[in-house]
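Notes follow once the structure below has been shown.
Just so it is clear, none of the values below were taken in a lab; they were calculated from the coordinates. Keep in mind the model is a prediction, meaning the values are calculated, not measured. Because the Cβ atoms are built from the backbone with ideal geometry, glycine has one as well, and the counts that use them run over all protein chains shown.
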Amino acid sequence: MIRIIINRIGQGIVTLFVLITLTFFLVRAMPGSPYTEEKAIPAHTLQRMKEYTGLDKPLPVQYFRYIKNLIVNQDLGDVIKKDGVKVSEIIAESFPVSLGLGVMSIGIALMIGIPAGVIAAVKKNTPIDFLCLSGAMVGICLPSFVIGPLLAVFAGLGLKSLNVAGWASPGDWILPAVTLGLINAAYLARLARGGMLDVLSQDYIRTARAKGAPPSRIVIRHALRGGLIPAVAFIGPAFAGMISGSFVIETIFQVPGMGQHFVNAATDREFFLIQGLVLFYGFLIVGANLLADLTQIALNPRLRKS
Amino acid sequence: MEKGTSLWKDAWHRLAHNRAAIVSLFVLILILLLCFIGPLMPFVKSPTAINLANSAAAPSFDYWFGTDQLGRDLFARVLYGGQVSLLVGLVATGVAVFIGVIYGAIAGYAGGKIDDLLMRFVDILFALPFLVLVILFALVVDDPASRFTDWIIAKTGFARDRVAPITTLIPLFIAIGAIGWLTIARIVRAQVMAVKKQEFVEAAVSLGLSRARILFRHILPNVIGPIIIYTTLAVPGIMLLESVLSFLGLGVKPPNSSWGILIKEGADRMEVNWLLLFFPSIFFASTLFALNFLGDGLRDALDPKSAKD
Amino acid sequence: MFCRVIVRRLLFIVTSFPLLTSCQKESQVDKATRDGILLVGNSGEPKGLDPHIVSGVLESNILRALFEGLVTTDSQSDIATPGGAALEVTPDATATVWTAKLRPNGKWSDGMPVTAQDFAFSYERMLTPELGAKYADMLYFLKGAENFNKGITKDFSMVGVEVIDDDTLRLTLRGPTPYFRQILKHFTWTAVPRHVVLKYGKIGQRGNPWTRPENIVGNGPYQLKSWRRTDHIDVERNPFYWNAANVTLNGVRFLPIINPYTESRMFRDGQLHMTYAATSEVIDMMKKKHPEQLRQEPYVGTAFFRYNTTRKPLSDVRVRKALSCSIDRDSICKNVFRGFTPAYAITPPMGDYKPPHDAGFNKEKARQLLAEAGYPGGRGFPRLKVLIASKETAATLAQAIQAMWRDTLGIEVEIENKEWNAYLVAMQDLDYDIANAGWIGDFLDPLTFLEMWTPKNGNNLTGWDNPAFVKLLQQSFQETDATRRLELLYQAESIFIDDAPILCIAWQSRNYLIHPSVEGWHPLLLANNPYESIRLVPGR
């Protein structure tokens, strides 16, 4: 048992190591550098700046310095363009916001998507099926940078109580969360429908029907648990996608989250920030997978042997 | 006696009865024809001809969808933009599927240590943030792609207008393909492993056929089902990705146009001229809707379990 | 039955959302007006607040509130009034040695007095090579500064900065500089608190944490209250400011809004007093509905295209002039930009300086020049590439230019749209034919637009080298009389536009939205309005 845990942790560390290495070299293959600016930096100043961050050294040296710094000092490096700001600070400040936004939108997505998908499955191939699915699918068929401004203009400008952007007042999370939620609701609805359909065609459901159980009971008591598995499995990747991919929402609604840093770091050529963010994200994914694995092992004795 | 039928015939039969899926199929064919054959029609104007005197005109007999703020015909822009969006969606997904199928098939068929190693690599890559990696890849490949464009023009002498809109998409194809093959690889591997155990494969092995032949001639055709379903359902996501990249200024760039760019510009001008948002959005949303319903229909049709009803 | 239950539950949650949020009767702007806080859109997150490290316009907007230089801007005009940390700044007869008498009651926000030593320390710090200050060349007006900054001399006493006593500073410049008061308005010439900077690090140390919210100290009308990255920056009254009694605005909140559409939505939703910019759609809309909330003011910036004079056929001045004469700048300013003025030189009119005129829009002349250069009717002219970056109006501008060249000269150009960083690299490597570009002036003197075209300057990027031009600039460095000096610069610019290494398109205007409750915000070329004299009037 302990051996399995150590094994999994070891795999996680190897994963992170490969991630760091991949990102390190990919990032330095990009054209341009963090020092490319509109008003050219004089050569002697550029040299000083490179010395400060160590970017004047050959690649292998930079690489080993980075790894060493990471392991020995737990230091993810500096943000090159912002004097004195550390990568870890950026992550520490923005992650809680993204986390909060992510939780809210998943909540909204579940509230919209699961019922829509379940109803569609129960009423398969009727107009209700089509309607529910179409309604839920708005999120898949229009990009977030359309849904967002539409909501902002109609709900934000229309309703006095809702701000059109920002992250200060209590209701500010609503519009961004609804926008993100609508998008994920669509996927959840389809997965819920598909999963429910699979389950509803099973023999034991037929048995329950034959026994005369009321339809609502069949669905809620018997079918839901199994039918929602694919939808629930999607929550993890959806959440991960929101953390790293919420750039558009953050831009439209002025949310100080982490998504914008992912994109801006790439366009700004912030080597250490990109590496730090990828590492952090990878850490979350690996950690989550590890937890899921360990929970499964704990719940299912058969997995403990190998 | 019942007429003999094969898996494919059954599937087609089921699909034909799925009204949503059939309608979707027709819609898709219509859009494809419009976007790829339409521009060849003489009455379709140029999407790039700037005519500042006629800016933001309402729809009329001359300009079916009206004009944008520079006086360009919106109908033509939607059609040409569709070419790009559909091309990116299909080709980029195609690249990803191609890589994924080969990778997954090899892993699934080889099994054992090779499978372990290959899938371990996939697990690692899954821990990378998708959007960021696509951006990084696109940036890295951008320069070589423009050099490639210059080379092609020099070698073949084709006009730049014909070549450039396609070759500037190459970074997108590579970036999306290089990151997007992971899921299909897993799916194909799982399918190959399931099929591998079946008896007709054992028969092929005992006949002494080469492994490659078994893999490509016997196993893969039985895996095609999930591949088709996945592809149909992946294209909408890729098209959405292209629109987000264009929003960021990293995908298709003006003066080239795509539905993503048209929609973005439309959203910006939403309160001044909502038609600029409406028309491209209808096309974009319809395509994605149709692909989704078609994919669902294919899944229902090809899945033996749902045959029970 | 089952569906109805679910639908009912959903409806309940959805309709209670608006009630859950606090029913704000008062908009954010109205509340802020009551509190005397100005809410400003500031286009992006600042890279820092150290006047010696940063170099951007959005950073300078914040620095103005926190630090005060020897000379400040008058709130109503572009004249440099020696209000500010100095009582007066007086030149000698040759305008080469300037003496600044500091205000005796000037204080830092921690109560310590502002002294001449602070200023001397600041200039030394910015010029210290180890610090790697990008904008150190703003201080090269000082004698010996360039050599010190490049590490050629190691002794700061070789630089023309002299502390006479606690309140008197003598600056010896590299040459006659009658316009020096304009230079002193720039944030690179403000002082940083010596005692605070040295408390947290050495003089030339990068990454010095003295600008963190808990450490930072300044001598401006405001002090830093809070800094939540990518969210907002708050500044509040500095009680130790020498003129605190006359500061009418209680504080400023800077919002780093990158997307201009989000910004205008926020303005319309009553979340901002002022925006940083306004998109053309918003401008058109505001002109119709609320013209008094829209401002379009001349700004010290120019939009132009660079020609790569090292490549054929652009190395031929006739080709360049032919290309330039084919462009109808009026049409571009009307249709592509909003509020910009057609530019017939690179330096916009400023103060007493009126720039020379280039040949303007002249189709016949353009065709004639192109024929003379060997490409009559555009025949045989190679397909050049116009390099642009993925920014707002760049593609539209490039397409307009492309159409004009096709119409007038019969030549085809292609548009090459690169990502921002790649675009900069291509321009800096001279790997382009024609490139879209812009330049914003640092101070109100033509030199800020002309000095970059000398051959060794890192912002030239055209390969253009004209000894006569350089000679005139150097003569201007020795000229003590202000009027005569402007004449020399006029002649230099005439040579410049005659040789046409660039295609001048338009002089920029700043388009922004402003709430009616803001009083005292006047049009300034550098848009460096002081905040302290702003009044917020409620009820508008």
Next on the checklist: From the mean inverse distance of alpha carbon pairs (Kirkwood) and the Cα radius of gyration, derive Rg over Rh for the protein assembly as shown.
Outcome noted: 0.99
Next on the checklist: What do you get for trypsin sites (Lys or Arg not before Pro) in the range A:208-306 restricted to DSSP loop and a cutoff of at most 15 other Cβ within 10 Å of the site's Cβ?
Outcome noted: A:Lys211, A:Lys305
Checklist entry - Taking springs between alpha-carbon atoms closer than 10 angstrom, which of A:Asp293, A:Asp172, A:Asp203 fluctuates most in the Gaussian network model of chain A? => result A:Asp203
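If each residue's Cβ is checked for other Cβ atoms within 10 Å, how do A:Met242, C:Met274 rank with the fewest at the top? Walk me through the numbers on the way to the answer.
Working: A:Met242 25, C:Met274 21.
Sorted ascending by nearby Cβ count, the order is C:Met274, A:Met242.
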Checklist outcome for this item: At q = 0.17 Å⁻¹, the log10 of I(q)/I(0) for the range A:96-257 from a Debye sum over equal Cα scatterers comes to -0.93
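May I ask for the Kirkwood hydrodynamic radius of chain B, worked out over all distinct Cα pairs and given in angstroms to one decimal?
21.8 Å
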Checklist entry - Using a cut-off of 17 Å between alpha-carbon atoms, which aspartates and glutamates can reach A:Lys68, once sequence neighbours fewer than 8 places away in the same chain are excluded? => result A:Asp78
Checklist entry - Placing +1 at every Lys and Arg Cβ and -1 at every Asp and Glu Cβ, with all other atoms neutral, what dipole size does the range B:162-309 have around its Cα centre, in debye to the nearest 20? => result 640 debye
Checklist outcome for this item: Among the Cα-Cα pairs of the range B:207-309, the proportion with separation greater than 19 Å, in percent, is 61 percent
Next on the checklist: In the range A:96-257, if the dipole is taken from +1 on Lys/Arg beta carbons and -1 on Asp/Glu beta carbons about the Cα centre, which of A:Val164, A:Thr126, A:Gly236 is farthest to the positive end?
Outcome noted: A:Thr126
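Tally Lys and Arg at +1 and Asp and Glu at -1 over the other residues with C-beta under 11 Å from the C-beta of C:Ala468: what net charge comes out? Numbers along the way, then the final one.
Values: positive: C:Lys471; negative: C:Asp465, C:Asp498, C:Asp499.
Neighbourhood net charge equals -2.
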Checklist outcome for this item: Check: C-alpha center the range C:153-168 vs C-alpha center the range C:325-400, spacing in Å is 47 Å
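Rounded if a/c is under 1.5, else prolate if a/b is larger than b/c, else oblate: which is the range C:316-388, with a ≥ b ≥ c the root eigenvalues of its Cα gyration tensor? Intermediate results must be reported in sequence, preceding the final value.
Numbers: a/c = 2.37, a/b = 1.74, b/c = 1.36.
Prolate shape, in that a/c is at least 1.5 and a/b is the bigger ratio.
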Checklist entry - If you rank C:Met138, C:Met126 by fewest surrounding Cβ atoms within 10 Å, what's the result? => result C:Met138, C:Met126
Next on the checklist: Kirkwood hydrodynamic radius, chain A, all distinct C-alpha pairs: what's the number in Å?
Outcome noted: 22.6 Å
Checklist entry - When chain A is modelled as a GNM with alpha-carbon springs shorter than 10 Å, which of A:Ile252, A:Ile140, A:Ile205 fluctuates the most? => result A:Ile205
Item to check | Ranked A:Ser88, C:Ser509, criterion: other C-beta atoms within 10 Å, fewest first | outcome: A:Ser88, C:Ser509
Checklist outcome for this item: Between C:Asp352 and C:Thr90, the FRET efficiency computed from the C-beta separation at R0 = 25 Å comes out, to the nearest 0.05, as 0.75
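Quick one: net charge around C:Lys107, please, counting Lys, Arg +1 and Asp, Glu -1 for every other residue with C-beta under 12 Å from its C-beta. Walk me through the numbers on the way to the answer.
Details: positive: C:Arg103; negative: C:Glu68, C:Asp110, C:Asp118.
That sum, taken over residues with Cβ under 12 Å, equals -2.
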Checklist outcome for this item: Dipole check, the range A:107-260, charges on Cβ (K,R +1; D,E -1), about Cα centroid: among A:Val248, A:Ala185, A:Ile174 the Cα furthest to the positive pole belongs to A:Ala185
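Return the ratio Rg/(2.2 N^0.38 Å) for the range C:293-347, where Rg is computed over Cα atoms only.
Numbers: Rg = 14.2 Å, N = 55, 2.2 N^0.38 = 10.1 Å.
Taking the Cα Rg and dividing by 2.2 N^0.38 Å, one obtains 1.41.
Where the only charges are on Cβ atoms (+1 Lys, Arg; -1 Asp, Glu), what is the dipole of the range A:96-257 about its Cα centre, to the nearest 20 debye?
Details: 11 positive and 5 negative charges, 161 e Å.
Dipole magnitude for the range A:96-257 comes out near 780 debye.
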Item to check | All aspartates and glutamates inside 13 Å of B:Lys45 as judged from Cα atoms, apart from same-chain residues fewer than 8 positions distant | outcome: B:Asp62, B:Asp73
Checklist entry - Between A:Lys160 and C:Arg34, what is the FRET efficiency for a Förster distance of 22 Å, r being their Cβ-Cβ separation, to the nearest 0.05? => result 0.80
Item to check | Cross-link pairs A:Lys123/A:Lys211; C:Lys143/C:Lys471; C:Lys312/C:Lys418; C:Lys47/C:Lys134; C:Lys154/C:Lys199; A:Lys50/C:Lys134 - those with Cα-Cα distance over 18 Å | outcome: A:Lys123/A:Lys211; C:Lys143/C:Lys471; C:Lys312/C:Lys418; C:Lys154/C:Lys199
Next on the checklist: To test your reading of the geometry: what angle, between 0 and 90 degrees and rounded to tens, separates the Cα axis of helix A:127-141 from the longest principal axis of chain A?
Outcome noted: 0 degrees
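So for the range C:93-238, Kirkwood radius off the Cα pairs, Stokes-Einstein at 37 °C and 0.692 mPa s: how many µm² s⁻¹? Please list the in-between numbers first.
On the way: Rh = 16.3 Å.
Rounded to a whole number, D works out at 202 µm²/s.
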Next on the checklist: Restricting everything to alpha-carbon atoms, can you work out Rg to Rh for the range A:1-78 with a Kirkwood hydrodynamic radius?
Outcome noted: 1.14
Checklist outcome for this item: Under a Gaussian network model of chain B whose springs join Cα atoms within less than 10 Å, the largest fluctuation of B:Val44, B:Val272, B:Val122 belongs to B:Val272
Checklist entry - Where does chain B land at 222 nm, in deg cm²/dmol rounded to the nearest 500, when only DSSP H runs of n ≥ 4 count, each adding -39500 (n - 2.57), divided by all residues? => result -22500 deg cm²/dmol
Checklist outcome for this item: Here the whole-number average of other chain Cβ atoms within 10 Å per Cβ of A:155-167 is 6
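Excluding C:Ala482 itself, what net charge comes from residues whose Cβ is under 14 Å from its Cβ, given Lys and Arg +1 and Asp and Glu -1? The partial results should precede the final answer.
Working: positive: C:Arg181, C:Arg484, C:Arg485; negative: C:Asp352, C:Asp445, C:Glu479, C:Asp481, C:Glu487.
The answer is -2.
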Next on the checklist: Suppose we keep just the DSSP beta bridges with both residues in the protein assembly as shown; what percent of those would be antiparallel, to 5?
Outcome noted: 80 percent
Checklist outcome for this item: Yeah, chain C with a ≥ b ≥ c from its alpha-carbon gyration tensor (a/c under 1.5 is rounded, else prolate when a/b outruns b/c, oblate otherwise) is oblate
Checklist outcome for this item: Straight-line reach check, C:Lys289, cutoff 27 Å on alpha carbons, 8 or more apart in-chain or any other chain, hits among lysines -> A:Lys160, B:Lys264, C:Lys25, C:Lys31, C:Lys334
